[in-house]
Amino acid sequence: MTRKTSAYAIRTCKLCGKRLPANEMVAVEKKNKARGHSRSGISLMTWIGAALEDKNSRSAINRWFFNSSKRVYKGDVAVTTIRVCPDCAEEHQKLNGSNKGFFSGCLTTILIFFFIVGVLLVASLFIRVP
Ligand SMILES: [Zn+2]
């Protein structure tokens with residue numbers, strides 16, 4: 001059993017450093033975690049403060065919305081394609097799949113929920129039935 005010299009160039013796995021012919025490599029998407037949890041310090045208390053018409057909280061929220069929309073639409077999360085060995089590809093999919101997507105989806109839902117609650121509370125203070 002002789003191993004034929006591969007017609008493919010040998011590539012190095014970006015994650016574990018294993019060397020394999022290019023055709024055995026798997027392309028995976030790698031997201032650069034440019035977005036952390038340092039979104040100009042907004043918290044649950046900020047939302048509650050806004051609901052209670054605290055001026056500092058409201059300006060913090062305005063800043064936050066301005067910043068986050070700027071960040072999201074300018075494509076802060078850079079997706080690059082890297083070539084890795086099948087083992088690493090599997091591992092990568094596991095890490096990238098359910099966990100993170102679920103978490104960030106949850107976080108967005110929670111933030112939207114508090115935003116709506118805040119808006120409703122603030123609105124109820126202005127729209128008073130005499
Ligand atoms: Zn690997």
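For R35, are the conditions met, namely being surrounded by 11 or more Cβ atoms within 10 Å (Cβ to Cβ), modelled with pLDDT of 75 or more, farther than 30 Å from I10 by Cβ and away from the ligand (no atom under 16 Å from the Cβ)?
no
If D87 satisfies all but one of (1) within 15 Å of the ligand (Cβ to nearest atom); (2) modelled with pLDDT under 80, what's the number of the condition it fails?
(2)
Here is a yes/no grid of residues against (1) modelled with pLDDT of 80 or more; (2) surrounded by fewer than 13 Cβ atoms within 10 Å (Cβ to Cβ); (3) within 16 Å of the ligand (Cβ to nearest atom); (4) within 23 Å of L125 (Cα to Cα):
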{"position": "L44", "(1), (2), (3), (4)": "no, yes, no, yes"}
{"position": "I61", "(1), (2), (3), (4)": "no, no, no, yes"}
{"position": "A78", "(1), (2), (3), (4)": "no, yes, no, no"}
{"position": "I82", "(1), (2), (3), (4)": "yes, no, yes, no"}
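The values are calculated or read from the model by the stated rules, or taken from the named source; none is laboratory data. Please read all numbers here as calculations on a predicted model, not as lab measurements. Cβ: placed from backbone, ideal geometry, glycine included. Neighbour counts: every protein chain shown.
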